[in-house]
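I have placed the structure first, in the form of structure tokens, so that the comments after it can refer back to it.
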Amino acid sequence: MKDELEKVRSAALEKIVRSPDISQLTQVQVEYLGRKGAVTRLLRQMGSLPAEERPVFGKLANELKDEIQKEIDSRRAELEKDEIAQRLTAESVDVTLPGIRPDIGHLHPITLVFEEIRRIFEGLGFQVATGPEVETEYHNFEALNMPRDHPARDMQDTFYINDEVLLRTHTSPVQIRVMLSQRPPVRVIAPGKVFRRDDDVTHSPMFHQVEGLAVDENITLGDLKGVLEAFVHRLYGPQTALRFRPSFFPFTEPSAEVDIRCVICGGGGCRTCSNSGWLEILGSGMVHPKVFEAVGYDPERYTGFAFGVGVDRLAMLKYGIEDIRMLYENDIRFLSQF
Ligand code: DAH
């Protein structure tokens with residue numbers, strides 16, 4: 001029996017030392033100390049021994065059991081330490097490796113110009129207003145003194161959704177919405193998308209405008225000129241000359257279009273300015289009394305100016321972009337330059 005104990009002992013200790021990981025060590029534990037394990041079995045066989053041998057054998061078998069358990073515990077502690085060490089090496093980070101540069105997104109040139117315009121006008125006391133891109137013909141035309149037979153309402157230019165609803169053709173309907181919802185004094189700009197049935201090198205069916213509106217007592221054409229001059233000088237530099245050309249819009253009287261000295265050739269004449277030396281950038285004027293009547297402002301008491309700037313053109317001039325379609329192709333090689 002003693003030989004038997006010794007055999008079990010040396011086999012068990014051998015297997016414990018050789019266990020490569022915790023799960024195999026646990027198996028060894030079951031194999032020797034479990035309910036059907038070798039040591040347990042030996043203890044059970046004790047009953048067949050002569051009575052005087054039992055205490056001696058029992059003591060030895062229990063000692064063996066304790067020894068195996070102790071060895072297993074210490075081996076387990078060792079293996080756990082190894083595993084932690086292994087994990088630490090495997091998961092360690094080499095802080096001396098060069099980093100992976102994350103791809104940084106870029107703001108679209110239109111967004112950049114919108115933001116610059118917003119900053120300039122906020123500095124002049126204007127607030128930002130918005131309106132829906134899907135508009136009613138009332139806000140887009142009627143209230144802006146554009147009667148039903150006005151050429152701008154021709155099916156050629158406007159995307160109609162039905163008789164009453166359309167994609168706004170300009171940001172001017174935001175003027176109407178602002179005036180319907182607040183009393184003077186009003187100083188707002190309204191940036192946004194506008195839509196027209198046009199598509200070629202210089203026209204896109206969707207493009208961008210910023211509308212401006214200032215209404216108060218005693219607002220004059222001089223205020224309009226001063227504000228637009230400040231705007232152009234901040235956007236393109238104080239050396240940029242402006243020219244106010246008489247024009248016509250149904251919602252302003254008098255009306256003027258504003259040209260700036262060509263920022264590409266400096267006025268000498270080039271392809272961009274069609275050799276005229278000037279570039280048209282916006283329409284403007286003094287708010288028509290009929291528009292004030294439509295929104296319930298007293299035209300005897302209040303005057304105001306309004307303007308509408310084409311933002312795509314400004315962005316093209318600012319960044320030297322030649323084809324308007326580049327703005328909408330979302331070519332990453334183009335966009336990442338800004
Ligand atoms: N809405 C006009 C257009 O899209 C631009 C414009 C002209 C806006 C004169 C105005 C204005 O506010 O006063 O062509």
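For region 63-168, the set of trypsin sites (Lys or Arg not before Pro) satisfying both a DSSP loop assignment and a count of at most 11 other C-beta atoms within 10 Å is given as ARG148. In region 6-43, which residues have a backbone nitrogen under 12 Å from the label point lying 7 Å from GLU63's Cα in the Cα-to-Cβ direction? Answer for region 6-43: 6. An oblate overall shape is assigned to region 109-335, the ratio a/c of its alpha-carbon gyration tensor axes (a ≥ b ≥ c) being 1.5 or greater and a/b not exceeding b/c. Computed 3J(HN,Hα) for region 112-126, one whole-Hz value per residue from the Karplus formula 6.51 cos²θ - 1.76 cosθ + 1.60 where θ = phi - 60°, is 4, 5, 3, 5, 5, 4, 4, 4, 4, 6, 4, x, 9, x, 8, glycine and proline marked x.
For the chain, the Cβ-based charge dipole about the Cα centre amounts to some 1020 debye (Lys, Arg positive; Asp, Glu negative; other atoms uncharged). For region 153-259, just say rounded, prolate or oblate: build the C-alpha gyration tensor, square-root its eigenvalues into a ≥ b ≥ c, call rounded for a/c under 1.5, and beyond that prolate if a/b exceeds b/c, oblate if not. Oblate. With θ taken as phi - 60° and the Karplus curve 6.51 cos²θ - 1.76 cosθ + 1.60 applied, the whole-hertz 3J(HN,Hα) list for region 278-291 is 10, 10, 7, 10, 7, x, 7, x, 8, 3, 5, x, 5, 5 Hz, x standing for glycine and proline. Each Lys and Arg Cβ is given +1 and each Asp and Glu Cβ -1; about its Cα centre, region 200-240 then shows a dipole of about 200 debye.
Relative to the longest principal axis of the Cα atoms of the chain, the long axis of helix 221-236 lies at roughly 40 degrees.
Annotation note: GluC sites (Glu not before Pro) in region 103-198 located in DSSP loop regions with a Cβ neighbour count of at most 12 within 10 Å are GLU164. Distance from the alpha carbon centroid of region 68-138 to that of region 157-171 works out to 42 angstrom. The alpha carbon centroids of region 270-338 and region 177-232 are separated by 8 Å.
From the Cα gyration tensor of region 3-71, with a ≥ b ≥ c the square roots of its eigenvalues, which class applies: rounded if a/c is under 1.5, or else prolate if a/b is larger than b/c, or else oblate? Prolate shape, in that a/c is at least 1.5 and a/b is the bigger ratio. Of all lysines in the structure, those lying under 23 Å Cα to Cα from LYS225, and not within fewer than 8 positions of it along the same chain, are LYS290, LYS318. Multiplying the residue separation of VAL56 and ASP200 by 0.36 nm and removing their Cα-Cα distance gives an extension gain of 41.2 nm. Given +1 at the Cβ of Lys and Arg, -1 at the Cβ of Asp and Glu and no other charges, the dipole of region 259-312 around its Cα centre is 200 debye to the nearest 20. Estimated purely from DSSP H runs of n ≥ 4, each contributing -39500 (n - 2.57), the mean residue ellipticity at 222 nm for the chain is -13000 deg cm²/dmol once divided by its residues.
Each value in this text was obtained by applying a stated rule to the coordinates, not by laboratory testing. Treat the numbers as computed from the prediction; the structure is a model and nothing was measured. Because the Cβ atoms are built from the backbone with ideal geometry, glycine has one as well, and the counts that use them run over all protein chains shown.
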